[in-house]
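The values are calculated or read from the model by the stated rules, or taken from the named source; none is laboratory data. Bear in mind that the values here come from a model prediction, so they are computed numbers and not experimental data. Neighbour counts run over all protein chains shown; Cβ positions are idealised from the backbone, glycine included. Surface accessibility is based on the protein's heavy atoms, side chains included, excluding ligands, DNA and RNA. Shrake-Rupley method; radii C 1.70, N 1.55, O 1.52, S 1.80 Å.
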Amino acid sequence: MAGLTSALMLTRRGLPVVLIEQEDCPGGLARAFTFGDQRVEQYYHFICRPDRELLALITELGLGQKLHWRSCSTSYFHGEKLYPFGTPFDLLRFTPVPFTQRLRFGFNISQSRFCRNWRGVDQLTAKDWIMRRVGPAAYREIWEPLLKTKFGAQHGAVSAAWLWHRIHRVARSRRAVWRREEFGYLEGGTETLIQRMTDEIMARGGQILLRTAAVRIRLEDGGVSGVELADGRMLPCRFVHATLPLPLLVRLVAEQVSPDYAPAWLKVKEVEYIGVLCLLLRMRYSLTGSFWVNVNSPSIPFSGLIQYSNLNTHFDDGRNHLLYIPFYLPVTDRLYTLHPGVLLKECLPGLKMINPRFDAEWILDWAVHKSNFGQPVCPVGFAARIPPIEGPARGLWISDACQLYPEDRTLSGVIRLGKKVAEAVAQAWDGN
């Protein structure tokens, strides 16, 4: 999305742009695929009220009539019981956590909703921050499973600033503190936005090369000279915006980096990632009435599920239901390397625990998608380790989700990065 955004902005300025995409459709982790007779996002996406850049782009492209908002319920499956978990009143009834910590939990959400000064907690782990502000039981029963969902074995090192922003963004999707969150979606999903962007890019003279892999960014005399493609072609160019995960960028630049860039390049090389694995089910019936269900049960292999059709009621005109089950894992983890059919089989008993009426015959179709670079890990002090957008050579800019810190990886955030890079490229173009 960052690459699409910068390509769109630059073609609007009349610059000649070539967008190189390895997959058969653009969009990165926001891309869609054909699932049954529907186009569906490979990974779940939803829109929050604070997503200003995304909402502005939707309006700018004339898609406002396809944007819909819906008040959504959240649940928490703890032990063997499904608890409502979408409002402060639900929280007060969440008995696995002592009453005083439930009150402190709600107070922390309220404070995080309005607070914007996150640098003070950049030097704290999320665990320490929650333990101090809310209490050990709340951390153990609520936050620790959620952090494990996102960061796996590295959850204990995650910065409190990252967690603060997660709370801040979702809490600001409530019209009032005591109400449920309202999330948004586009008819047709994110592909609706991606299609409108690609149509305009090509209408303005931009080129989009699909199923085309870049294997090397060539640097000469301290600046970009071209991009080598897997089919042997060389595309001469003056500027490159690399939106690859940083470990892949390191491979494409290899040992061409100037010593002057060494400190910044070290930041690029230090960023760690975990993979994302997502099981997607198309079902006859909805598993629960909630959009989002967090799971804390040692008997269930997943820590959460997203009943996306409980948000996007336009999907398949309500006839069928979409259920995403995400895993954030090291690529060496057993679950990550399982055969997709075995992964599905291991998840079925957990679905039965959450809804005893569930039967495998509810499943009409299923798919598994994975990416080795699903989530950058943001440990304590990450603010000082964020790499700049200026790359290791003249004419090379980089954008990666880690640069959004303390914000989590969001469509709105990467659109903002794309605009920032486009402005820098345009200024460099004018200066040459």
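With the requirement that a residue be closer than 18 Å to GLU220 by Cα and open to solvent by 10 Å² or more (accessible area, probe 1.4 Å), what does region 396-408 give you?
TRP397
Need the failing condition index for PRO263 against (1) over 17 Å from ARG394 (Cα atoms); (2) surrounded by fewer than 15 Cβ atoms within 10 Å (Cβ to Cβ), just the number.
It is condition (1) that PRO263 fails.
State which residue is nearest to ASN372 (Cα to Cα) when the search covers only region 131-168 and only residues that are in contact (Cβ under 8 Å) with a residue 40 or more places away in the chain and charged (D, E, K, R).
For region 131-168, the residue satisfying everything is LYS150.
Conditions first: (1) more than 30 Å from ARG238 (Cβ to Cβ); (2) hydrophobic (A, V, I, L, M, F, W, C); (3) open to solvent by 10 Å² or more (accessible area, probe 1.4 Å); (4) not in a loop (DSSP other than H, G, I, E, B). PHE373 passes all but one, so which condition is the exception?
(1)
Identify, please: which residue in region 35-48 is of a type outside the set (Ser, Thr, Tyr) and assigned to a loop (DSSP other than H, G, I, E, B) and is, among those, surrounded by the fewest Cβ atoms within 10 Å (Cβ to Cβ)?
Step one: of region 35-48, the residues of a type outside the set (Ser, Thr, Tyr) are 35-42, 45-48.
Filter again for assigned to a loop (DSSP other than H, G, I, E, B), leaving 36-37, 42, 45-46, 48.
Details: GLY36: 12, ASP37: 7, GLN42: 23, HIS45: 21, PHE46: 22, CYS48: 19.
Once the filter is applied, the top-ranked residue is ASP37.
Restricting to region 4-23, name every residue that is open to solvent by less than 50 Å² (accessible area, probe 1.4 Å) and assigned to a loop (DSSP other than H, G, I, E, B).
Let us first name the residues in region 4-23 that are open to solvent by less than 50 Å² (accessible area, probe 1.4 Å), namely 4-11, 15, 17, 19, 21.
LEU15, VAL17, GLU21, listed by residue number.
Check SER303, SER258 and return the single one that is touching a residue at least 60 places away in the same chain (Cβ under 8 Å), farther than 30 Å from PRO356 by Cα and of a type in the set (S, T, N, Q). If you could, list the steps in order and put the result at the bottom.
On the way: SER303 fails: farther than 30 Å from PRO356 by Cα.
Selected residue: SER258, the only one of SER303, SER258 that is touching a residue at least 60 places away in the same chain (Cβ under 8 Å), farther than 30 Å from PRO356 by Cα and of a type in the set (S, T, N, Q).
How do the pairs read when you match residues in region 49-65 that are part of a helix (DSSP H, G or I) with residues anywhere that are open to solvent by 80 Å² or more (accessible area, probe 1.4 Å), using Cβ under 6 Å and keeping only pairs 6 or more apart or on different chains?
Every condition considered, the pairs that remain are GLU53/ARG416.
Identify all residues within region 192-230 that are open to solvent by less than 60 Å² (accessible area, probe 1.4 Å), part of a strand (DSSP E or B) and over 21 Å from ALA393 (Cα atoms); write none if there are none.
If the condition is that a residue be open to solvent by less than 60 Å² (accessible area, probe 1.4 Å), part of a strand (DSSP E or B) and over 21 Å from ALA393 (Cα atoms), then ILE208, LEU209 are the ones that fit.
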